[in-house]
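Scroll down for the structure; my scribbles are underneath it.
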Amino acid sequence: MVLTRRSKYALRALVYLARARGKGSILIGEIAEKERIPKKFLEAILLELKNKGVLESRRGKGGGYQLAEAPDKVLVGQIIRLMDGPIAPVRCISRSAYAACEDCPDEELCTIRAVMKEVREKICDVVDRTTLSDLVRKEEELRLATRRALSFDI
């Protein structure tokens, strides 16, 4: 499984909106500039997230986007699935888009399938319990760790 740009950009934009929670709606241009995301691509992503109920939008003065729910209610796994579909390295272990492998002689005895199922379970375990709030906290921890590392280099 490879995280696509769509998912990465969606998550970056949502983390930006999570950080801005309580400040009202945020313009696409601001998010695109601060997160270095192509504006046209971001427009399509945010519209899709709005249509799926993750975001709310307002037009006109004071318009823009904001989270529809609190950041601690939005799961990373939910966003990845909305943007990229099922989280599965191979289709024969997908819960929502299962397809048998054409070249597999016995799915039940397939060691590749067994290992990829473990991989999927581990990935899902992490992304399905990680929220936007967790990503904001992680970003703060990384900033602090970077500052500390830089201060020791001086």
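Just so it is clear, none of the values below were taken in a lab; they were calculated from the coordinates. Please read all numbers here as calculations on a predicted model, not as lab measurements. Counting neighbours? That spans all protein chains shown, and the Cβs are built from the backbone with ideal geometry, glycine included.
The calculated FRET efficiency for Glu141 paired with Gln78, based on their beta-carbon distance and R0 = 25 Å, is about 0.65.
A dipole drawn for the chain from +1 and -1 charges on Cβ atoms has a positive end, and of Val115, Leu82, Ala68 the residue lying farthest that way is Ala68. Positive end of the dipole of the stretch 11-153 (Cβ unit charges, origin at the Cα centre): among Gly22, Val127, Cys101, the Cα lying farthest that way belongs to Gly22. Our note on the geometry: Cα centres of the stretch 82-108 and the stretch 28-75, 31 Å apart. By the beta carbon rule, with partners counted only under 4.7 Å, the chain holds these lone Cys residues: Cys92, Cys110, Cys124.
In this rough spin-label picture, where each label sits 7 Å from Cα along the Cβ direction, the Leu150-Ala97 distance is 4.0 nm. Rounded to the nearest 20, the Cβ-based charge dipole of the stretch 1-91 about its Cα centre (Lys and Arg +1, Asp and Glu -1) stands at 140 debye. Compared with the alpha-carbon gap, the fully stretched path from Asp134 to Glu108 is longer by 5.7 nm at 0.36 nm per residue. Computed from the C-beta positions of Asn51 and Ser25, the FRET efficiency with R₀ = 22 Å rounds to 0.85. Here's the list of aspartates and glutamates a cross-link from Lys52 could span, going by alpha-carbon distance under 16 Å and ignoring same-chain residues fewer than 8 apart: Glu43, Glu69, Asp84. Placing unit charges on the Cβ atoms only, positive for Lys and Arg and negative for Asp and Glu, gives the chain a dipole magnitude near 960 debye about its Cα centre.
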